[in-house]
Amino acid sequence: MKLLITGGAGFIGSNFIRYWLNKYPLDTIVNLDALTYAGNLENLKEIEENKNYKFIKGDICDADLVNKLVKGIDLIAHFAAETHVDRSVMGSSDFVRTNIKGTMVLLDAAKNNDNIRFHHVSTDEVFGSLDSNDSAFNERTPYAPRNPYSASKAASDHLVRAYFHTHKLPITISNCSNNFGPYQFPEKFFPLFITNLIEGKKVPVYGEGKNIRDWIYVDDHNAGVDAIIKKGKIGETYCLGGETELQNIDITKKILELMGKSGEMIEYVKDRPGHDFRYAMDITKAKNELGWEPEVSFEDGLKKTIEWYKNNEEWWRNIKSGKYQDYYKKQYSHELKK
């Protein structure tokens, strides 16, 4: 197959590209990424010379570019998105543009080029927030987003389904719980805390740290996307999750324990506006229809993640300093070949 991966220089997208090329070495991947602040070509240095891989710097909102790139493509796997809730609280325009308009541009390109198979990667946050005793989210849970990020992703999900019903576009959607693992941008929970502790800095915990999330190791998520692409029913949504619900404070204490640090390194900070209390995913459908379930335990995944950040200090220090953005300026000046 020939795949177009959007957002392939980001955390989940770059892990997906490495996963796919390792499992399907005869397939070809075109990686379209705008290299905004969270896009980092250092994530893909090990495969940049692979003859079956090509990077294109570009915006998914650029309809002319997208329509050129989809020629001859068998599958679009759409990872590109603005994802950081705190940034969406400060300003939502980039989220609306990328997550909604960008998805529309890709859908139109797929529709107008022989109805290309389209997989859309989304989030559990579209379902809103759960109380302690509520049942986990599933594929029939009503949408109830509570921040600008999740609202923009909810809108993109609805667009994807609309193109299936209106235009018969062959789509699938995955809504996944919180990911962690290597190459995650260090503004996020796990890499921020791990790298802060390596640097001798405290870790900021919102409120009392009672918020609950379901965590999945990134390789398990990407195996789930693979299973949906290969076995999923067209027009269907699949919930993916790690079946590991933990309070933020418990994760914090576990990271401190594994890194040999004390509770004195915790700094409690003011809670963010509209902070959802709990997310949880019911992955029964994915288990039954796809034969997929997470394989990496939370503790094993966390140990691997901590070791990765310890062994790749240059990678995350370049990000924290801003130096990483120089990499693509030196290494890439690709223009779309006509």
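The values are calculated or read from the model by the stated rules, or taken from the named source; none is laboratory data. Quantities reported herein were computed from a predicted structural model and do not represent experimental measurements. Heads up, the Cβs are rebuilt from the backbone with ideal geometry, glycines too, and the neighbour counts pull from every protein chain shown.
How about region 242-288: which of its residues are under 17 Å from T195 (Cβ atoms), in contact with a helix residue (DSSP H, G or I) (Cβ under 6 Å, 6 or more places away or on another chain) and part of a loop (DSSP other than H, G, I, E, B)?
M259, K261
Checking the condition part of a loop (DSSP other than H, G, I, E, B), within 24 Å of F298 (Cβ to Cβ) and among the aromatic types (F, W, Y), which residue from Y183, Y238 passes?
Details: Y238 fails: part of a loop (DSSP other than H, G, I, E, B).
Just a single option satisfies the conditions, and that option is Y183.
Consider only pairs whose beta carbons are under 6 Å apart and that are at least six residues apart or on different chains; among these, list those whose first residue lies in region 299-322 and is more than 12 Å from T195 (Cβ to Cβ) and whose second residue is hydroxyl-bearing (S, T, Y).
G301/Y217
If you go through region 20-31 one residue at a time, do you hit one that is assigned to a helix (DSSP H, G or I), over 21 Å from S156 (Cβ atoms) and free of Cβ contacts under 8 Å to residues at least 40 places away in the same chain?
We begin by selecting, within region 20-31, every residue assigned to a helix (DSSP H, G or I); these are 20-23.
So of that shortlist, the ones also over 21 Å from S156 (Cβ atoms) come out as 20-23.
Still in the list and also free of Cβ contacts under 8 Å to residues at least 40 places away in the same chain: 21-22.
Taking every residue of region 20-31 in turn, at least one turns out to be assigned to a helix (DSSP H, G or I), over 21 Å from S156 (Cβ atoms) and free of Cβ contacts under 8 Å to residues at least 40 places away in the same chain.
Looking at this structure, is V89 over 16 Å from the mean Cα position of the chain (by Cα), β-branched (V, I, T) and surrounded by fewer than 17 Cβ atoms within 10 Å (Cβ to Cβ)?
yes
For N133, work out the one condition from (1) buried (at least 17 other Cβ atoms within 10 Å of the Cβ); (2) not β-branched (V, I, T); (3) not in a helix (DSSP H, G or I) it doesn't fulfil.
If we test N133 against (1) buried (at least 17 other Cβ atoms within 10 Å of the Cβ); (2) not β-branched (V, I, T); (3) not in a helix (DSSP H, G or I), just (1) comes out false.
A162: in contact with a Pro (Cβ under 8 Å, 6 or more places away or on another chain) and either over 21 Å from I249 (Cβ atoms) or modelled with pLDDT of 95 or more (or both), yes or no?
Working: in contact with a Pro (Cβ under 8 Å, 6 or more places away or on another chain): no; either over 21 Å from I249 (Cβ atoms) or modelled with pLDDT of 95 or more (or both): yes.
In short, no.
Condition check: at pLDDT 90 or above and either under 30 Å from L35 (Cβ atoms) or assigned to a helix (DSSP H, G or I) (or both). Does W308 satisfy that? Quick ask: steps written out before the conclusion?
Numbers: at pLDDT 90 or above: yes; either under 30 Å from L35 (Cβ atoms) or assigned to a helix (DSSP H, G or I) (or both): yes.
Here the answer is yes, as W308 does meet what is asked.
Is it the case, given these coordinates, that T141 is farther than 23 Å from D226 by Cα, at pLDDT 95 or above and in contact with an Asp or Glu (Cβ under 9 Å, 6 or more places away or on another chain)?
Values: farther than 23 Å from D226 by Cα: yes; at pLDDT 95 or above: yes; in contact with an Asp or Glu (Cβ under 9 Å, 6 or more places away or on another chain): yes.
Answer is yes for this residue.
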